[in-house]
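Peer 1: One structure coming up, written as structure tokens, with questions to follow.
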Amino acid sequence: MTSDVAATTTNAGLFARAQEVIPGGVNSPVRAFRAVGGTPYFVQRALGPHVWDAEGRRLLDLVQSYGAIIAGHAHPVIVEAIQAAAAGGTSYGAPTEREVLLAEEIRSRVPACERVRLVSSGTEATMSALRMARGATGRDRIVKFAGNYHGHSDSLLAEAGSAVALIEADPDHPTAVPGSAGVPAGAVADTVVVPYNQVPTLDETVACVIVEPVAANMGLVAPVPGFLAGLRRECDRVGALLIFDEVITGFRLGRGGAQERYGVTPDLSCFGKVIGGGLNVGAFGGRAAVMDQLAPLGPVYQAGTLSGNPLATAAGLAALSLLDAEAYDTLAGGAARLGQGIEAALTAAGIGCRVPVEGALVGLHLGAEVPVDYDGARTTDTALYAALFHALLDRGVALAPGPYEILFPGLAHDDDVVDEVLSVVAEAATAVVAVGAR
Ligand code: PLP
């Protein structure tokens, strides 16, 4: 360590240094607090439902790495698995048994994944699934839904919700549509964006429809009855593939993810977050007839130096080992209590809100109606979110620093933790109302 490094012990000091060397001071835009203002906290360590910042302050964390953590931070079973794996080497460039075990585990929970390919992020999973669908159908067009985020690959950023919404809304960057500067027109020429929760009419030029079966990047928007089944029917009618992006819903909504919960089977599924136990794993899988067109069996190329990494697969297997039926009941029960409690506390303070809950997922919409699409989601009061975010953070509760993100209560958020969150929410709401931020 240089003396410079040792001297920096404040969040502001670290952020200042970070901005000198990392664009915006962060390695993923939402972390920079641009949507809520202020200085990001730098995490020093974490345990269970808590993180500690660079100043030694303990925060009750509802971010949980945007859903990559489900059993609480530094869960001993996962930490031990990673430590044991690391002692055996960190990457080989040759196959390992744990890759087979993780793929088998995914297939046992999500039977539609007859074949699974491991990658290193959710972005890679969706990007590869698109190529797979295009290669398998020989068609180019893809259909995505406004407000659905599928990672940062070129063809999927248009109207992608999450932090992309902030770039699209920024008057200083009028050329940023579709989603980002630097995306060539050609890369999105075959991307069609349609409203969420409406079944589009397809034609025979469409390779695939990709959807978040429960949308979790425009707040939380559940599929209306018939939407997912309608997509299945419409894809079948024209011979397009249906891709479920279960990077958030997979292994979190329940054992078999959204496809099990809603009884609709996609051709391809994408995963990430939970299946890496906090390390870098993504996966895509589907029917053998489609997946077997991947290299080395078929002509669709996809590869990765660190794919199926031995630490990441160890962490993922350990995380999944904690997720039995009882765990999903606990997760859903905790999320329901949290969601109902937040809605009650905010409403009691006079803040109009809707707090949708779907399994273990909790949204926070600062408006009168539960949204069903991106237009509805964007009616959330973003200034009020920023005020509430800071009022909570000042009192030791961390939400994600963006109005379109959701809350990720996990197994570490037991009844006592939820009670603590709810009493802080009540206090914060009163404080926000008192200063007239609403
Ligand atoms: N798909 C969905 C639904 C996501 O929420 C995300 C990330 O938040 C991704 C894909 C991209 O995953 P990653 O950030 O691991 O690349």
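Every number here is computed from the coordinates shown, using simple stated rules; none is lab data. Values in this document were obtained by computation on a predicted structure and should not be read as measured data. Don't worry about glycine lacking a Cβ; one is built from the backbone with ideal geometry, like all the others, and counts go over all protein chains shown.
Peer 1: Can you give the percent of C-alpha pairs in segment 192-332 whose distance is more than 22 Å? Don't skip to the end; give the middle numbers.
Peer 2: Values: 4493 of 9870 pairs.
Counting pairs separated by more than 22 Å, the tail of P(r) holds 46 percent.
Peer 1: What are the equivalent ellipsoid semi-axes of segment 76-321, built from the alpha-carbon gyration tensor (square roots of five times its eigenvalues), in whole angstrom, biggest first?
Peer 2: Values: eigenvalues 167, 82, 66 Å².
For segment 76-321, the semi-axes come out at 29, 20, 18 Å.
Peer 1: Between segment 396-438 and segment 184-234, what's the alpha-carbon centroid distance in Å?
Peer 2: Using only Cα atoms, the two centres lie 32 Å from each other.
Peer 1: Additional query: Sorted from largest down, what three extents in whole angstroms do the Cα atoms of the chain have along their principal axes?
Peer 2: 60, 51, 46
Peer 1: I would also like to ask the following. Within the chain, which complete DSSP H helices have Cα atoms spanning at least 27 Å along the helix axis and a mean Kyte-Doolittle hydropathy of 1.0 or higher?
Peer 2: Details: long enough: 325-348 (34 Å, 0.31); 415-434 (28 Å, 1.16).
Within the chain the helices that satisfy the rule are 415-434.
Peer 1: Any idea what the relative contact order of the chain is, in percent, if you count C-alpha pairs under 8 Å spaced at least 6 apart? Don't skip to the answer; put the middle values down first.
Peer 2: Numbers: 910 pairs, mean separation 93.0, N = 438.
So the answer I get is 21 percent.
Peer 1: Could I ask something else about it? Taking the beta-carbon count within 10 Å as an exposure proxy, list Phe15, Phe244 from fewest neighbours to most.
Peer 2: Values: Phe15 22, Phe244 31.
Ascending Cβ contact count within 10 Å gives the list Phe15, Phe244.
Peer 1: Now for a different question. Please arrange Met291, Met132 by counting, for each residue, the other beta carbons lying within 10 Å of its beta carbon, fewest first.
Peer 2: Met291, Met132
Peer 1: Could you list Thr123, Thr313, Thr430 in order of exposure, starting from the residue whose Cβ has the fewest other Cβ atoms within 10 Å? Walk me through the numbers before you get to the answer.
Peer 2: Working: Thr123 19, Thr313 28, Thr430 15.
Listing Thr123, Thr313, Thr430 from fewest to most nearby Cβ atoms yields Thr430, Thr123, Thr313.
Peer 1: PRE reach from Thr305 (point 7 Å along Cα→Cβ): which of segment 264-286 fall under 19 Å by backbone N?
Peer 2: Taking a point 7 Å out along Cα→Cβ of Thr305, the residues of segment 264-286 whose backbone N falls under 19 Å are 280-282.
Peer 1: Give the long-range amide H neighbours of Ala54: residues separated by 5 or more places, or on another chain, with amide H under 5 Å away, using H modelled in the peptide plane at 1.01 Å from N.
Peer 2: Result for Ala54 returns Phe42, Gln44.
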